[in-house]
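For reference, the structure discussed in these notes is given below.
The values are calculated or read from the model by the stated rules, or taken from the named source; none is laboratory data. Bear in mind the structure is a predicted one, so any value in this text is a computation, not a measurement. All Cβ positions, even for glycine, are placed from backbone atoms using ideal geometry, and neighbour counts span all protein chains on display.
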Amino acid sequence: MSENRPTAAMPVCSVCIANYNGASVIEDCLNSVFAQDCVFPFEVIVHDDASTDDSVDIIRSRFPGVTLITSEENVGFCISNNRMATVAHGTYVLLLNNDATLFPDALRTLYGEASRQPPAILGLPQYDMQTGKLVDIGSLSDPFLNPIPNMVGERRCVAMVSGACLWIPRMLWGKLNGFPDWFGSLAEDMYLCSVARLRGYPVLTLGVSGFHHYVGKGLGGGKVTDDNRLVTTVRRRTLSERNKNFVMVLTYPAPLFQLIFPLHLVLLILEGSALALIKRERFLFQDIYLGSVKALWKERSRLFHLRQEIQSNRKIGLRQFLSVFQLMPRKLQMLLRHGMPHLK
């Protein structure tokens, strides 16, 4: 175990780690943070989301320098990060997954970039923990808000960076009101980056340094296996489709929203019907696809008022908003490459 680094009264950065049943990964994550090669002070905050394993005991016994917040009930990723940001003292906040480990120069690299430019959301290259392969350097988007991994190091502006390692000025987090509590998990990073871009704050990636991440470990799946199959889980797909719908409703400017969203809903229902027929599992359509449409209706009032607020504060035009989009649908690309997804 690395020695815990004492933090100053006014840290430059607050590293915020949401943890749930991370006993097998949290030690490596924290060791990578406390081993950072940087001269500025930082603090480390962990929110434990009612874990049932030994996570809390590991953190308390081996990392006394961590500010530990324990929740009596499981509240989800969004609320966990919102709580940590509320007590953070750093000028910047780094959101870090408990199943991620930072390269030794990650904080130094992020701070060096952040100090040279106006407020922005920053991300680093993401590498698969098990294979070491590059996963993405941020993501672009297709018209239906499916992330497209950026593999070009020279590309700076992207649609989003992964919430597994997301750097943001604490001032900007406050202006954007953090994550929506009611998202639960998934697409909250897409939401935050989209709203930031609408407000005129860039979302940038750095082609150097990076972090390792157990991609898809938290909710299972969401990655391509060694036998070239796309594997995911019903829970991941359910949350992903629902929350992407929410982000599209909230952030797509008119007239893009009036053009794309009805088409998106039609394609979503067709996709769900085809998947349920091929897999011979009716619940796939009901739970994932029809469920995501029902969620829109259930949350219609909240979505309407939040959309009005977000769009009324928009600082960029439609052309600039679309500058990080690609026309080719990502799901079609994945279908052609890997066939029908395997759902567990």
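Considering only residues of segment 188-225 that are modelled with pLDDT under 95, in contact with a Ser or Thr (Cβ under 7 Å, 6 or more places away or on another chain) and of a type in the set (Gly, Ala, Ser), which is surrounded by the fewest Cβ atoms within 10 Å (Cβ to Cβ)?
Residue satisfying both the conditions and the ranking: 220.
Would you mind finding the one in 15, 39, 56, 46 that is surrounded by fewer than 23 Cβ atoms within 10 Å (Cβ to Cβ), outside any helix (DSSP H, G or I) and of a type in the set (A, V, I, L, M, F, W, C)?
39
Where in segment 230-305 are there helices (runs of 4 or more DSSP H), lying wholly inside it, with at least 1 residues that are within 20 Å of the chain's Cα centre (by Cα)?
234-251, 291-298
Taking residue 308 and the conditions (1) modelled with pLDDT under 90; (2) surrounded by fewer than 18 Cβ atoms within 10 Å (Cβ to Cβ); (3) out of contact with any strand residue (DSSP E or B) (no Cβ under 8 Å at 6 or more places or on another chain), which numbered condition does it fall short on, given that it satisfies the others?
Among (1) modelled with pLDDT under 90; (2) surrounded by fewer than 18 Cβ atoms within 10 Å (Cβ to Cβ); (3) out of contact with any strand residue (DSSP E or B) (no Cβ under 8 Å at 6 or more places or on another chain), residue 308 violates only (1).
Taking into account only those residues within segment 275-305 that are in contact with a Lys or Arg (Cβ under 8 Å, 6 or more places away or on another chain) and either exposed (fewer than 11 other Cβ atoms within 10 Å of the Cβ) or of a type in the set (Gly, Ala, Ser) (or both), which is nearest to residue 263 (Cα to Cα)?
292
With the requirement that a residue be surrounded by 15 or more Cβ atoms within 10 Å (Cβ to Cβ), more than 16 Å from residue 195 (Cβ to Cβ) and basic (Lys, Arg), what does segment 311-330 give you?
Hit for segment 311-330 is 330, nothing else.
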